[in-house]
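For reference, the structure is listed below as structure tokens.
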Amino acid sequence: MRPAASLPRDARPNFHAGKALAHQPWVTGPTITDARDGLGPLYNARTCLACHINGGRGPLPERAEQPLFAGVLRLSIPGKDRALGVVPEPTYGDQLQTQSTALAHQLRASGQDIALAKGEVAPEATIRVRWHASEFRYPDGTAVALRRPEALVSDLRPRRRRRRRGLRAPQRRLGLRAPGPRPRPLRLEGQPGEPAHPGRRGPPSRPRDR
Ligand code: HEC
């Protein structure tokens, strides 16, 4: 990945700093580096690009045997605003963490039965995706094939009920500015009586947890 040809020369260090952050693997602390330790005991992935593959979209698994890796499953409980005002699930927080730094979890594929050591924890859950196919027909008769993912959660530790879910796929990162404070606040809502964007009416559409 290279900076866009139009990027001013003095902005290039920012591009390279952002690229390095996206590639760097986070490691369990304490360690010799103090700039990228602190992973765990639970996590979802070790690098940004593990999910945002090549800075692009990350895939959801095609087959139900493959556990979800790049996407995340948000969890929430209903807030005051029924549509948008969700509250993170009190036990797990706002997303399920499917990886653990525990040796038992890291070596799970080898089939060895290793107990969790003191201070280690098992991942919160295993998530798989089942696809449901359907067909949509436009008024002119053109048919399009659609599919909807359903998140299947197993091995949930500890068990909790009454939560809403939102399965999310990693979005493109290409062309976005580095994470961090924005020079101007991103105004989605608009001031009272004033639309945030010309021509836009109504509240912004955000993915919902169901
Ligand atoms: C476990 C997978 C995963 C990892 C690791 C990850 N992301 Fe994401 N990222 C996602 C998902 C999933 C979304 C979409 C969230 C949603 O729709 O609510 C997302 C969304 C984003 C967005 C918003 C994009 C948009 O168009 O709205 C940005 C920016 C982003 N991630 C940056 C990062 C950075 C920087 C890192 C590393 C520090 C990172 N991500 C690590 C999965 C991941």
Worksheet, complete the sentence: Taking a ≥ b ≥ c as the square roots of the eigenvalues of the Cα gyration tensor, with a/c under 1.5 meaning rounded and otherwise prolate when a/b exceeds b/c and oblate if not, region 1-146 is oblate
Worksheet item: If R0 is 35 Å, what FRET efficiency do you get for Gln66 and Ala20 from their C-beta distance, rounded to 0.05?
Response: 0.75
Discussion item. Could you sort the peptides 135-145, 61-71 by per-residue average Cβ neighbour count (10 Å cutoff), highest mean leading?
Written reply: 61-71, 135-145
Item to complete: Count charges around Pro25 for me, please; just the other residues with Cβ under 13 Å from its Cβ, Lys/Arg as +1, Asp/Glu as -1.
Response: +1
Worksheet item: Using a ≥ b ≥ c from the Cα gyration tensor of region 60-168 (square roots of the eigenvalues), is it rounded, prolate or oblate, where a/c under 1.5 gives rounded and otherwise the larger of a/b and b/c decides, a/b for prolate?
Response: oblate
Worksheet, complete the sentence: Note on region 7-77: alpha-carbon gyration tensor, axes a ≥ b ≥ c; rule is a/c under 1.5 for rounded, else prolate if a/b larger than b/c, else oblate; result oblate
Worksheet item: How much length, in nm to one decimal, is gained on full extension between Leu174 and Thr31, taken as 0.36 nm per residue of separation minus their Cα-Cα distance?
Response: 48.4 nm
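Only the coordinates and a few stated rules stand behind these numbers; no lab work does. Please read all numbers here as calculations on a predicted model, not as lab measurements. A quick note on method: Cβ atoms are made from the backbone with ideal geometry, for glycine too, and the neighbour counts reach across all protein chains shown.
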